[in-house]
Amino acid sequence: MSFQFDHRSLADEMEIFFLNEEIGAGLPVWLPNGVAIRDSLEAFIRRQENKYGYQRVVSPHLGKASLYERSGHLRAFEANMYPPLKGIDDSNDYYLKPMNCPHHHKIFSALPRSYRQLPLRLAEYGQVYRFENSGSLKGLSRVRGLCQNDAHIYLDPKDAKAEILSVLELHEHCYQQIGLKGYRYRLSKSDPDRPNDFDGAVQNWQQCEQILRECLMEKNLSYVEAIGEAAFYGPKIDVQIKMSHGVEESISSVQLDFNSGEKFDLHFVSDSGAAKSPWIIHRAPLGSHERFVALLLEYFDGVLPGWLAPIQLYLLPIGDDAVKYANDIAHRLVERNIRVHVDQNAGSLSKRILFAHRLRPFSKLVIGEKEISSGKFILQCRQGDKSLEMSQIEEFLAANVLVPG
Ligand SMILES: [Zn+2]
């Protein structure tokens, strides 16, 4: 697969999102076609995560300075955070959250926890804000506001390897279902020459790096090792893919965090009855909606798999009777969760077809008098033209656009 296309021009044609000076740099606003993709991705990953035992949570978009002092973000990540909101209370500034982790740690400690509940997998499509340099902002791929397919898994350290293997399996399953290929793995480690940038004892770093290495080897995944690319709280496995501009970027990462449990004073009652601090896995197979949709648009040149296509059936009625007929079909298919658009444009059919092409629907149907009287329709779709009756069109679409993979 080559990556020659820029998601920004594709997204303009397909009406996915826009940016607006008055709203603010790097803050994309999603249009209905973009939200259709987001919603499909969310529904898909929820089903997968449910199977793997995740529970869903919701946390606010901001937090106090003391929260980010404790997490270490104000020390290690402040340059990437929006400036503080002042004057809300006397003792603390507030920050827009740059990551969901500290909030999730608070959810862990909000209730008593026992080893029987672990691994505890808390998932949220969480909105975060990062103050990226204005020069680096780019469409959806580099933004200041993003919504992450986030989750934090709290576990007994002895279960880390088994859970990392399960998380890697979830990643592979997702990419296979979506149709992504050609990604590779990177084991991102600390840098012993920069101890101040990486929290915790050297032997803990080595132990966690070795666990990640063993997981990659056990699953027979080819990978490279990179010194100094770890998160400040632990090593990680990055999933890398080459983007349109030729640069390799991370789609997602699986981080093994042995620091935050102690920093946040998190405890669970272990099987021996003693209080123990959990390790935490941070993971986001679908990254953020912003970056992932940019990647999908470029990867598929806008021709998304049927279940992700913002418009799954584009109806082109010719004449007033056909408009009514098309609206009736649309109504029926929408009830079956199929995304239908009825074209109401004036002008020649060839112009209307050309306009439809920009939106890259999964399938198109021209409806005129002949089609209505005969009950036979030519469905133009990615799998070639098909001559079908209306009831067969419904069946065909249901089979091809509702299920991933
Ligand atoms: Zn996290």
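Is it the case that the range 19-37 has a residue that's touching a Leu at 6+ places or on another chain (Cβ under 9 Å), in the same structural domain as K138 (by TED's automatic domain parsing) and within 16 Å of the ligand (Cβ to nearest atom)?
no
Since G234 meets every condition but one in (1) surrounded by 15 or more Cβ atoms within 10 Å (Cβ to Cβ); (2) in contact with a strand residue (DSSP E or B) (Cβ under 7 Å, 6 or more places away or on another chain); (3) touching a residue at least 60 places away in the same chain (Cβ under 8 Å), which condition does it not meet?
(3)
Quick check on my filter: what residues within the range 250-283 are assigned to a strand (DSSP E or B) and more than 13 Å from the ligand (Cβ to nearest atom)?
Within the range 250-283, S250, I251, F268, V269, A275, K276 qualify.
Please go through the range 86-108 and give me each residue that is within 11 Å of the ligand (Cβ to nearest atom), assigned to a loop (DSSP other than H, G, I, E, B) and in contact with a helix residue (DSSP H, G or I) (Cβ under 9 Å, 6 or more places away or on another chain), ordered by number.
The answer is K97, P98, M99.
Per-residue answers, yes or no, for (1) aliphatic (A, V, I, L, M); (2) crowded, with 17+ Cβ neighbours inside 10 Å:
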position: Y154; (1), (2): no, yes
position: E163; (1), (2): no, yes
position: V167; (1), (2): yes, yes
position: L170; (1), (2): yes, yes
position: Q176; (1), (2): no, no
position: G179; (1), (2): no, no
position: L187; (1), (2): yes, yes
position: S190; (1), (2): no, yes
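Filter the range 113-135 for residues that are at pLDDT 95 or above and farther than 23 Å from Y68 by Cα; which is nearest to the ligand (Cβ to nearest atom)?
Here the residue is P119.
Let me spell it out: the conditions are (1) at positive phi; (2) modelled with pLDDT of 90 or more; (3) crowded, with 16+ Cβ neighbours inside 10 Å; (4) of a type outside the set (S, T, N, Q), and G53 meets all of them except one. Which number is the exception?
Checking G53 against (1) at positive phi; (2) modelled with pLDDT of 90 or more; (3) crowded, with 16+ Cβ neighbours inside 10 Å; (4) of a type outside the set (S, T, N, Q), the one that fails is (3).
Is at least one residue of the range 27-36 in contact (Cβ under 8 Å) with a residue 60 or more places away in the chain and either part of a loop (DSSP other than H, G, I, E, B) or more than 22 Å from the chain's Cα centre (by Cα) (or both)?
Scanning the range 27-36 turns up at least one residue that is in contact (Cβ under 8 Å) with a residue 60 or more places away in the chain and either part of a loop (DSSP other than H, G, I, E, B) or more than 22 Å from the chain's Cα centre (by Cα) (or both).
Name every residue in the range 213-249 that is more than 18 Å from I281 (Cβ to Cβ) and either in a strand (DSSP E or B) or touching a helix residue (DSSP H, G or I) at 6+ places or on another chain (Cβ under 7 Å) (or both), in order of residue number.
Scanning the range 213-249 gives V224, E225, A226, I227, Q240, I241, K242, M243, S244, E248, E249.
Suppose we keep only residues that are more than 22 Å from the chain's Cα centre (by Cα) and of a type in the set (G, A, S) within the range 235-275. Which one would you say is farthest from K106 (Cα to Cα)?
In this case the residue turns out to be S272.
Residues that are within 23 Å of R47 (Cα to Cα) and not small (G, A, S): find the helices (runs of 4 or more DSSP H) completely inside the range 296-405 holding 3 or more of those.
Where helices (runs of 4 or more DSSP H) fall fully within the range 296-405 and carry at least 3 residues being within 23 Å of R47 (Cα to Cα) and not small (G, A, S), they are 320-335, 390-401.
Is it fair to say D150 is touching a residue at least 24 places away in the same chain (Cβ under 8 Å), of a type in the set (D, E) and crowded, with 21+ Cβ neighbours inside 10 Å?
yes
Search the range 308-362 for residues being among the small types (G, A, S) and over 23 Å from R382 (Cα atoms), and hand back the single one that is surrounded by the most Cβ atoms within 10 Å (Cβ to Cβ).
A322
Quick check: anything in the range 71-80 within 23 Å of the chain's Cα centre (by Cα), of a type in the set (A, V, I, L, M), part of a helix (DSSP H, G or I) and within 15 Å of the ligand (Cβ to nearest atom)?
Taking every residue of the range 71-80 in turn, none turns out to be within 23 Å of the chain's Cα centre (by Cα), of a type in the set (A, V, I, L, M), part of a helix (DSSP H, G or I) and within 15 Å of the ligand (Cβ to nearest atom).
The values are calculated or read from the model by the stated rules, or taken from the named source; none is laboratory data. The structure presented is a predicted model; accordingly, all values stated were derived computationally and were not measured. Heads up, the Cβs are rebuilt from the backbone with ideal geometry, glycines too, and the neighbour counts pull from every protein chain shown.
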